[in-house]
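Quick notes on the structure that follows.
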Amino acid sequence: MLKTRFAAQIFGLASAALLSAGAALAADPGAVIRVGSLYEPQNLDNTAGAGQGINEAFNDNVYEALFRLNDDGSVTPVLAEKHDVSADGLAHTFTLKSGVTFHSGEPLTATDVKYSIERVTAETSKSSRKKSLASIDSIETPDDATVVIKLKSKSISLPYNLSYVWVVNDAAGDITGKEDGTGPYKLADWKRGSALSLEAFDAYWGEKPANAGAMFSYFTEAAALNNALLTDAVDVITSVQSPDALAQFEDTSAFKISEGKSTTKQIMAYNDRVAPFDNVKVRKALARAVDKKMLLEAIWGDRGMVLGSFVPPTDAWYEDLTSVDAYDPESAKALLAEAGFADGFTFTLETPNYDPHPITAEFLKAELAKVGVTVNIHVITANEWYTKVYQAKDFQATLQEHVNHRDVVFYGNPDFYWGYNNPQVTELVAAAEASDTDAQQADKLREANRIITEEAASNWLFLYPQIVVSNTKTTGYPLNGLNAQFFLRGITKE
């Protein structure tokens, strides 16, 4: 490691010497951006349980939508040239941008958009946003350039929710191992378990990207990922998993550390359908038994923040709820006794095998042992987590990071993997979506979040810092990475 770091420092000094001598390097439009990540897609279809890795590689890179969720949280039109809303808010008419073609050469039509939305809302869809589009009653395509979405009830978030809907060629068929999007890049190759490469699409309808493509290299351990940047095997790491790693990149002549606004929350989610986690007192007891501040410091030092709920500060309905079920082991013991578990109980914690989950699991095991609760840690892969926990709902409790923006609405869906079911919350989430103004929506979701928090629906641990590290030759990458997006089109490399 010392030799590697020394080599990186020498490289940085040599680069600095060239620049000081007047040999400034220009951005290379033919460069391929080498991206290091821990999140390999499980497949290439975001409605088939592909995981966050597919958003990172494909969202707005390979596939586009009617709207884009930008890195600053704003929503802007992409494939929608025009958007009109009826007076009653129940009919949304979209005029499509002209001259757009898919990577296969087929032109974009309204039929493709209708097909794409119905992929997400289909009974077989595994999209986490399926429930968000449940207000859609019908989709009409009066001509090739016009899409009319008719709603059962008003949906203030429709443009936002449509930013999650990839527009796919309706003739593409099964896209779990291939693609046919309209984005600035097309799939070049995918070596499962290793790498995924994209190349610029020459017939792209919009502005040409600043590079020729990207190679995503996938790692299962954070140490190996970091070493890839140290040894110049990658240009940029999409998310650093521990503060200890940052010390390796302190040489500013060779590396650049950037911190954005995170929406990634690490939580211990319970299966609220099964005992003892169907008992609110048990859930509140476990929340009070964990010193979240100590956990955060153990993993991230002075970065990130302790969470009191599922809502991060970037959401308009955020409020500091860390005082609800704050750390209090004695109170935790008393609540367990009231719930009928004075002698504690034993449960299995399904733990993803990548950092920082195993570290968090051991910390939780030690903390909960202090109040008489025994934790059996079961380490699983990302694939196993999806099939066992998310799909089959066959678990007692699990660790997971939730990357999505504005995702507290998932607690309004009793069918979601954690099974939280409070009719009042479901009604508030629905009422928020039918709001006339953003302020009304925020008020309803703030009220819903207070109820969810008071009932300790899950154990919200901490908000990750959003840290991207690159070599000094690479610039223009997104800093916030909302929903694990990693926009490639503006990245340059000298």
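The values are calculated or read from the model by the stated rules, or taken from the named source; none is laboratory data. This is a predicted model, so every value here is computed, not measured. Quick reminder, even Gly has a Cβ in these numbers, built from the backbone with ideal geometry, and neighbours come from all protein chains shown. Calculation scope for accessible area: heavy atoms of the full protein, side chains included, ligands and nucleic acids excluded. Shrake-Rupley method; radii C 1.70, N 1.55, O 1.52, S 1.80 Å.
Couple of notes before you dig in:
- When peptides 330-342, 59-71 are sorted by average Cβ neighbour count within 10 Å, with the highest value leading, the order is 59-71, 330-342.
- On full extension, the segment bounded by ALA316 and ALA224 gains 29.4 nm, given 0.36 nm per residue less the C-alpha separation.
- When each of the peptides 153-162, 318-327 is scored by how many other beta carbons lie within 10 Å of its residues on average, the order from highest to lowest is 153-162, 318-327.
- Rounded to the nearest 20 debye, dipole of the chain from Cβ charges on Lys, Arg, Asp, Glu: 580 debye
- Bridge orientation summary for the range 263-401: considering DSSP beta bridges with both residues in this region, about 35 percent are antiparallel.
- Accessible surface, per residue, of the chain when the full set of protein chains is kept, probe 1.4 Å, Å²: 40 Å²
- Residues within the reach of a label modelled at GLU447 (point 7 angstrom out along Cα to beta-carbon, backbone nitrogen below 18 Å), restricted to the range 316-355, are 316-319.
- Taken about its Cα centre, the range 163-308 carries a charge dipole of about 920 debye when Lys and Arg each add +1 at the Cβ and Asp and Glu each add -1 at the Cβ.
- Estimated at the nearest 10 Å², the accessible area of VAL379 is 80 Å² with a 1.4 Å probe.
- Sulfur and carbon atoms: percent of accessible area, the chain [1.4 Å]: 51 percent
- Straight-line cross-link reach from LYS152 at under 14 Å between alpha-carbon atoms covers these aspartates and glutamates, not counting any fewer than eight positions away in the same chain: ASP88, ASP137, GLU433.
- Note on the range 349-494: dipole from Cβ charges, positive end direction compared against GLN440, ALA369, VAL379; the farthest Cα belongs to VAL379.
- Bridging of LYS493 to lysines at a Cα separation below 17 Å is possible for LYS208, LYS256, LYS473, once same-chain residues fewer than 8 apart are set aside.
- Packing, taken as the mean count of other beta carbons within 10 Å per residue, orders the peptides 137-147, 470-480, 171-181, 209-219 from highest to lowest as 209-219, 470-480, 171-181, 137-147.
- A Förster radius of 30 Å combined with the Cβ-Cβ distance from THR231 to LYS126 puts the calculated FRET efficiency at roughly 0.20.
- Extension gain, ASP202 to GLU427, is 76.2 nm, computed as 0.36 nm per intervening residue step minus the present C-alpha separation.
- Residue among ALA334, MET294, TYR318 farthest towards the positive dipole end of the range 288-338, charges placed on Cβ: MET294
- Taking every DSSP bridge with both residues inside the chain, close to 75 percent are antiparallel.
- Cα gyration tensor, the range 51-179 - rounded (a/c under 1.5), prolate or oblate: rounded
- Length gained on full extension, ILE359 to ASP174, computed as 0.36 nm times the residue gap minus the Cα-Cα distance: 62.8 nm.
- Cα gyration tensor shape for the chain, rounded if a/c is under 1.5, else prolate or oblate: oblate
- Low-density loop cleavage sites - trypsin sites (Lys or Arg not before Pro) in the range 344-429, where at most 16 other Cβ are within 10 Å (DSSP): LYS370, LYS393
- Straight-line cross-link reach from LYS333 at under 19 Å between alpha-carbon atoms covers these aspartates and glutamates, not counting any fewer than eight positions away in the same chain: ASP278, ASP291, ASP325, ASP343, GLU367, GLU454, GLU455.
- Under the shape rule built on the C-alpha gyration tensor, where the axes satisfy a ≥ b ≥ c, the range 310-432 is oblate, since a/c reaches at least 1.5 while a/b does not exceed b/c.
- Point-charge dipole on Cβ atoms (K/R +1, D/E -1) for the range 220-289, about Cα centre, debye to 20: 800 debye
- Seen from a random direction on average, the alpha-carbon convex hull of the range 344-494 projects onto 12.2 square nanometres.
- Residue (of THR141, THR93, ALA122) at the positive-pole extreme of the range 84-151, dipole from beta-carbon charges: ALA122
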